[in-house]
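Report on the following structure.
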Amino acid sequence: SLLSPPPTPPPAMATTGQVQAAFGSGEDVFSRAFDAAWAVLATEEPFSTMPEPEKKLLATQMMKQACRAQLDANLDAKQKRREGILNGYRDYAEKQGITWRANAAALKDRGMDVWEKELSDIHQEAAKRGVVVPSYYEVAGQGPLHSYAEGNCNWEAAFDAYDAFLLVHCHHFPSLSPQGCFDAIHADVNKRLLAHVPAAAGATTVLDLGAGSGTSTFAAYRAMQHLTGLRMVGVDLSPHFVAVARHRVATGSYPGLEFCYGDAQALEPLGFGAGSVDVVLISETTHEMPLAVIRRVFREAHRVLRPGGAIGWLDLNRDQILADNGVANLANRVAMDNEPYFDEFLQLDPVAELGAAGFVVQDAGYPETEQVKAGKVCSIRLVIATKQASGL
């Protein structure tokens, strides 16, 4: 049934990417001791009767505070480990043909005074609109996220973002270039989404929520530029990411594409009233949010969509994550502030939550990657849903 989560193939068939590899279990005495203690505790009631994914998630939540306390006892070492993770990503990316460092340097060479002026303009726009930064993002967004001490709100993260996205997808299509892999994933997702987008009587408005520097937004634009009077708006809470996305728009040919600074939970200040949007995209951003925030984003997407409109959600596959990662791996991923709300994301059932927000799920599964076709577990999954048309 489309209303049920897609079946998960055997865990041994899974293929994981660089983020999962970076937080490997068993790398220190503390992690090994916890895993050993948990292996015994898990055989006792009430844990022994719990489903394995729930059991592992509970253990992760038990361990994360102890991991965080251990890491915070030596903040210099914690920061050095973050830097090591980032440089490890960059090194691996360049082995895959992604010129991460050179691309970031080229953006920086545009001139930091230019970037800072554009950042100031974005902040002034936001102030006029009354945009408010939510508390969860102050903690992890302006605060530590993805191994950056200032989360997404700094130029290093903004200049890195495009190539980082290419890296984390490149294992899905081993025969393709990293850019080709990314394009193939999003071509499949957008094709399946467009199958549920009825022709608009007038202009077509598309929102990409949590758009970052626009990596998935540009892919969606290429898939949808044939739509009548297309207006596509990428929304993100990082003004630095928005600045980089706007620069890419300005240096290309993207009529109707724009980016703005704002909160996906509150789209009214950005001018999006009830029933004003035809399509909503939420691509690989909900794993950075608490569960309560995800629910509010889904409800807000439902509010702004017109009856008959469609939403496409793409993010990490919780079933694969829980099957293929040890407890210490998951706890360290949270405790390192790589994704501080990751344990909450792992509680998300996107099919059920989109249904609870008022949507009708039309498609739930995986992108058609080479790994999926080979019978391996995909580390990302998608859900496509629609807002019920008036009178139905």
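Output the residues belonging to segment 357-379 that are among the β-branched types (V, I, T) and modelled with pLDDT under 95. Walk me through it before giving the result.
First pass over segment 357-379, keeping only residues among the β-branched types (V, I, T): 360-361, 369, 372, 377.
Listed by number, the residues that qualify are T369, V372, V377.
Suppose we keep only residues that are in a loop (DSSP other than H, G, I, E, B) and out of contact with any Gly (no Cβ under 7 Å at 6 or more places or on another chain) within segment 206-227. Which one would you say is surrounded by the most Cβ atoms within 10 Å (Cβ to Cβ)?
Of segment 206-227, the ones in a loop (DSSP other than H, G, I, E, B) are 210-214, 225-227.
Now drop any that are not out of contact with any Gly (no Cβ under 7 Å at 6 or more places or on another chain), which leaves 210, 212-213, 225-227.
Details: G210: 22, G212: 28, S213: 30, Q225: 13, H226: 9, L227: 20.
Checked segment 206-227; the qualifying residue surrounded by the most Cβ atoms within 10 Å (Cβ to Cβ) is S213.
Consider segment 92-105. How many of its residues are aliphatic (A, V, I, L, M) and either surrounded by 13 or more Cβ atoms within 10 Å (Cβ to Cβ) or touching a helix residue (DSSP H, G or I) at 6+ places or on another chain (Cβ under 6 Å) (or both)? It would help to see each step written out before you state the result.
Start the filter on segment 92-105 by keeping residues that are aliphatic (A, V, I, L, M), which leaves 93, 98, 102, 104-105.
So of that shortlist, the ones also either surrounded by 13 or more Cβ atoms within 10 Å (Cβ to Cβ) or touching a helix residue (DSSP H, G or I) at 6+ places or on another chain (Cβ under 6 Å) (or both) come out as 93, 98, 104.
So the answer is 3.
Which of the residues that make up segment 66-91 are open to solvent by 60 Å² or more (accessible area, probe 1.4 Å) and at pLDDT below 90?
Across segment 66-91, the qualifying residue is only Q70.
Pick from L86, L75, L71: which is closer than 22 Å to A161 by Cα and of a type in the set (A, V, I, L, M)? Please lay out each step first, then the result.
Details: L75 fails: closer than 22 Å to A161 by Cα; L71 fails: closer than 22 Å to A161 by Cα.
Result of the check over L86, L75, L71: L86.
Any idea which of (1) open to solvent by 50 Å² or more (accessible area, probe 1.4 Å); (2) closer than 30 Å to E344 by Cβ; (3) within 24 Å of the chain's Cα centre (by Cα) is the one R129 doesn't satisfy?
(3)
Across segment 71-104, what is the number of residues that are without any contact (Cβ under 8 Å) to a residue 12 or more places away in the chain and aliphatic (A, V, I, L, M)?
4
Could you please tell me which pairs satisfy a Cβ distance under 7 Å, a separation of 6+ or placement on different chains, a first residue in segment 252-264 that is closer than 14 Å to A219 by Cα, and a second residue that is open to solvent by less than 30 Å² (accessible area, probe 1.4 Å) and of a type in the set (S, T, Y)?
So the pair list comes out as Y254/Y221; L257/Y221.
On the given criteria, is A33 at pLDDT 75 or above and hydrophobic (A, V, I, L, M, F, W, C)?
Numbers: at pLDDT 75 or above: no; hydrophobic (A, V, I, L, M, F, W, C): yes.
The answer is no for A33.
Mind checking which residues of segment 188-221 are aliphatic (A, V, I, L, M) and in contact with a Leu (Cβ under 9 Å, 6 or more places away or on another chain)?
If we filter segment 188-221 for residues that are aliphatic (A, V, I, L, M), which is where we start, we get 189, 193-195, 197, 199-201, 203, 206-207, 209, 211, 219-220.
Passing the criteria: V189, L193, L194, V197, A199, A200, A203, V206, L207, L209, A211, A220.
Inspect segment 351-373 for any residue being under 30 Å from A69 (Cβ atoms) and out of contact with any Leu (no Cβ under 9 Å at 6 or more places or on another chain) and give the result as yes or no. Lay out the reasoning, then the answer.
Of all residues in segment 351-373, those under 30 Å from A69 (Cβ atoms) come to none.
Checked segment 351-373: no residue is under 30 Å from A69 (Cβ atoms) and out of contact with any Leu (no Cβ under 9 Å at 6 or more places or on another chain).
Considering (1) within 19 Å of G212 (Cα to Cα); (2) open to solvent by less than 60 Å² (accessible area, probe 1.4 Å); (3) without any contact (Cβ under 8 Å) to a residue 60 or more places away in the chain, say which one K108 fails and leave the rest.
(2)
Can you name every residue in segment 144-167 that is over 15 Å from G212 (Cα atoms) and open to solvent by less than 10 Å² (accessible area, probe 1.4 Å)?
S147, L167
Checking the conditions here, which among A357, A374 is surrounded by fewer than 16 Cβ atoms within 10 Å (Cβ to Cβ) and either in contact with a His (Cβ under 6 Å, 6 or more places away or on another chain) or not basic (K, R) (or both)? Full working, then the answer.
On the way: A357 fails: surrounded by fewer than 16 Cβ atoms within 10 Å (Cβ to Cβ).
Only one candidate passes the filter, namely A374.
Which of (1) touching a residue at least 60 places away in the same chain (Cβ under 8 Å); (2) small (G, A, S); (3) open to solvent by less than 50 Å² (accessible area, probe 1.4 Å); (4) not in a helix (DSSP H, G or I) is the odd one out, the single condition G202 does not satisfy?
(1)
The values are calculated or read from the model by the stated rules, or taken from the named source; none is laboratory data. Predicted model, so just to flag it, every value in this text is computed and none were measured. Neighbour counts are summed over all protein chains in view; Cβ atoms, including those assigned to glycine, are modelled from backbone coordinates with ideal geometry. Only protein heavy atoms, including side chains, enter the accessible area calculation; ligands, DNA and RNA are left aside. Shrake-Rupley method; radii C 1.70, N 1.55, O 1.52, S 1.80 Å.
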